[in-house]
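Have a look at the structure below before the remarks.
The values are calculated or read from the model by the stated rules, or taken from the named source; none is laboratory data. What you are looking at is a predicted structure, and each value in this text was computed from that prediction instead of being measured. Here the Cβ positions follow ideal geometry from the backbone for every residue, glycine too, while neighbour counts run over all protein chains shown. The accessibility values were calculated without ligands, DNA or RNA, using every heavy atom of the protein model including side chains. Shrake-Rupley method; radii C 1.70, N 1.55, O 1.52, S 1.80 Å.
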Amino acid sequence: TYCIVDEADSVFIDEARTPLILSAQNQAALVREDFDKALTLAARMDPSVHYALNERTRQVRLFPAAHDWLDDVAAGEANADKDDSVWSSPRRREELIQQAIAAQAFYLLDRHYVVSDGKVQIVDESTGRVMPDRAWEHGLHQMIEAKEGVELTGQRETLARITYQRLFKRYVRLAGMTGTAMEVSSEIRRVYGLDVVQVPLHRPLQRKLFGTRCLVDAAAKWQVVADVAQVQAIERARPVLIGTRSVQASEQLSAVLTKRGIEHVVLNAKQDQSEAEIVAQAGQAGRVTVATNMAGRGTDIVLGPGVAGRGGLHVILTEYNESRRIDRQLIGRCARQGDPGSAEVTVALDDELFATQVPRFARALAARPSAREHGVSPAALAALRWLAQWRAEQHNREVRMQNLKQDSQLAKLLAFSGRGE
């Protein structure tokens, strides 16, 4: 009857976009040839003729030309076996093609998932950690496995589902704690009936913010980040934590640092087993740590001898996340428990958030000669960030509310049938 939730905003808000699903594997639905065929056909389709992509919602919309083209394909090479129930069904083959296009366009290796031990494992975009027991629904996971050439797992058949919202509201006494909940306090109060109370710091904050800069592209961004790491870690002997949003980005930056001869360690979903050891050393003098959002969550990075006198841990945020809360979580890795520390932001106009949420705005800024020479102005960057994160958070909020609405409707239907609680 009692529940205390750690990292409450992550659980109540970020995780709540996806309902909890109890499922079982259905081996009978597993036909690898269908997935391979769908991927091959999707690669042959013309985006300007056959389909449109919605980057924000990760949805694929097929044009009438695609339906006609698939009908012709189904009547020929793809439907050589007239008893093939998958390709003889227009609805099923169009679903397969949409999944194949989505798998190729929206779900990227080392960003949304990693391949480890011959398995596709989903990466939590908020924490950067692997979610080994999670799988995408409706055959999408198997489509991505086929894309990566690994052994296909059985498709999941849903047995039961419940949203995080309805699950936690079952508890008679519910509470939680987190360092970043004020931005979503109204939703927490409305959905869970909980008030958010801000607890004052028990030690004075000594964090210094060095401001922000925005470059035209990622290549320029990584060079600037490497320059800062060179100054802070090598010349000033301070520990530096560089936060990236994806595994791919952490490896791109690692390549730049290696070329510069800057010693560093990388912490992402591929090295999650070494997380405790890497974080334990992240506060030592001259240490450079490149990490996704997983680094140091729920713990303090302890400063090494003499580091406090040099300014403490320096954090570099290299890409804005969908929520300001997650940005603050990374910046909050420094200057904890009264320690000194500093943080700065270095992003690029071709970062994923800008490319998916405000592509026209980002392209317009990149086209300005002044942006390439001097970077984007602080005012323009502030407007770009606000609009991009507002759109992303608005979409995520709509997804949560839709899940809650569907859950409520399902509960009413089951109650009517005599299976309610």
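Which count do you get for residues in region 376-412 that are of a type in the set (A, V, I, L, M, F, W, C) and either part of a loop (DSSP other than H, G, I, E, B) or open to solvent by 50 Å² or more (accessible area, probe 1.4 Å) (or both)?
Count: 7.
Can you tell me which of (1) touching a helix residue (DSSP H, G or I) at 6+ places or on another chain (Cβ under 7 Å); (2) within 29 Å of T57 (Cα to Cα); (3) at pLDDT 95 or above is the one V358 doesn't meet?
Unmet for V358, out of (1) touching a helix residue (DSSP H, G or I) at 6+ places or on another chain (Cβ under 7 Å); (2) within 29 Å of T57 (Cα to Cα); (3) at pLDDT 95 or above: (3).
Kindly indicate whether L152 is closer than 27 Å to R333 by Cα and not in a helix (DSSP H, G or I).
So L152 fails the test.
If you take the residues in region 158-201 that are charged (D, E, K, R) and touching a helix residue (DSSP H, G or I) at 6+ places or on another chain (Cβ under 8 Å), which one is surrounded by the fewest Cβ atoms within 10 Å (Cβ to Cβ)? Steps first, answer last, please.
Taking region 158-201 and keeping what is charged (D, E, K, R), we get 161, 166, 169-170, 173, 183, 187, 189-190, 195.
Narrowing the set further to residues that are touching a helix residue (DSSP H, G or I) at 6+ places or on another chain (Cβ under 8 Å) leaves 161, 166, 169, 183, 187, 195.
Numbers: R161: 15, R166: 18, K169: 12, E183: 16, E187: 18, D195: 8.
In this case the residue turns out to be D195.
For region 114-137, name all the residues that are in contact with a strand residue (DSSP E or B) (Cβ under 8 Å, 6 or more places away or on another chain), part of a loop (DSSP other than H, G, I, E, B) and surrounded by fewer than 16 Cβ atoms within 10 Å (Cβ to Cβ). Give the derivation first.
Pass one, region 114-137, residues in contact with a strand residue (DSSP E or B) (Cβ under 8 Å, 6 or more places away or on another chain): 114-116, 120-124, 128-132, 134-137.
Right, trim to part of a loop (DSSP other than H, G, I, E, B) and you get 124, 128-129, 132, 134-137.
Listed by number, the residues that qualify are P132, R134, E137.
Which one of these is modelled with pLDDT under 95 and at positive phi: G296, G243, G283?
Just a single option satisfies the conditions, and that option is G296.
Return the total of residues in region 202-219 being of a type in the set (S, T, N, Q) and open to solvent by 100 Å² or more (accessible area, probe 1.4 Å).
0
For region 196-217, give me each residue that is closer than 22 Å to A249 by Cβ and in contact with a Lys or Arg (Cβ under 8 Å, 6 or more places away or on another chain).
Selection gives L215, V216.
Does any residue of region 182-192 turn out to be touching a residue at least 12 places away in the same chain (Cβ under 8 Å) and small (G, A, S)? Talk me through it step by step, then tell me what you get.
Here is the first cut: in region 182-192, the residues touching a residue at least 12 places away in the same chain (Cβ under 8 Å) are 182-184, 187-188, 191-192.
Still in the running and small (G, A, S): none.
No - not one qualifying residue is present in region 182-192.
Considering only residues that are buried (at least 23 other Cβ atoms within 10 Å of the Cβ) and of a type in the set (A, V, I, L, M, F, W, C), look in region 235-252 and name the one that is nearest to the chain's Cα centre (by Cα).
V247
Can you tell which of R111, R92 is in contact (Cβ under 8 Å) with a residue 60 or more places away in the chain, surrounded by fewer than 20 Cβ atoms within 10 Å (Cβ to Cβ) and out of contact with any His (no Cβ under 9 Å at 6 or more places or on another chain)?
Only one candidate qualifies: R111.
Yes/no per residue for (1) among the β-branched types (V, I, T); (2) over 21 Å from Q329 (Cα atoms):
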position	(1), (2)
P200	no, no
C214	no, no
P239	no, no
V247	yes, no
A255	no, yes
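Quick one: Q155 ticks every box in (1) under 23 Å from A249 (Cβ atoms); (2) buried (at least 19 other Cβ atoms within 10 Å of the Cβ) except a single one, so which number is it?
Only one criterion in (1) under 23 Å from A249 (Cβ atoms); (2) buried (at least 19 other Cβ atoms within 10 Å of the Cβ) is unmet by Q155, namely (1).
Please count how many residues of region 347-371 are in contact with a Leu (Cβ under 7 Å, 6 or more places away or on another chain) and under 25 Å from H314 (Cβ atoms).
Within region 347-371, residues that are in contact with a Leu (Cβ under 7 Å, 6 or more places away or on another chain) and under 25 Å from H314 (Cβ atoms) number 3.
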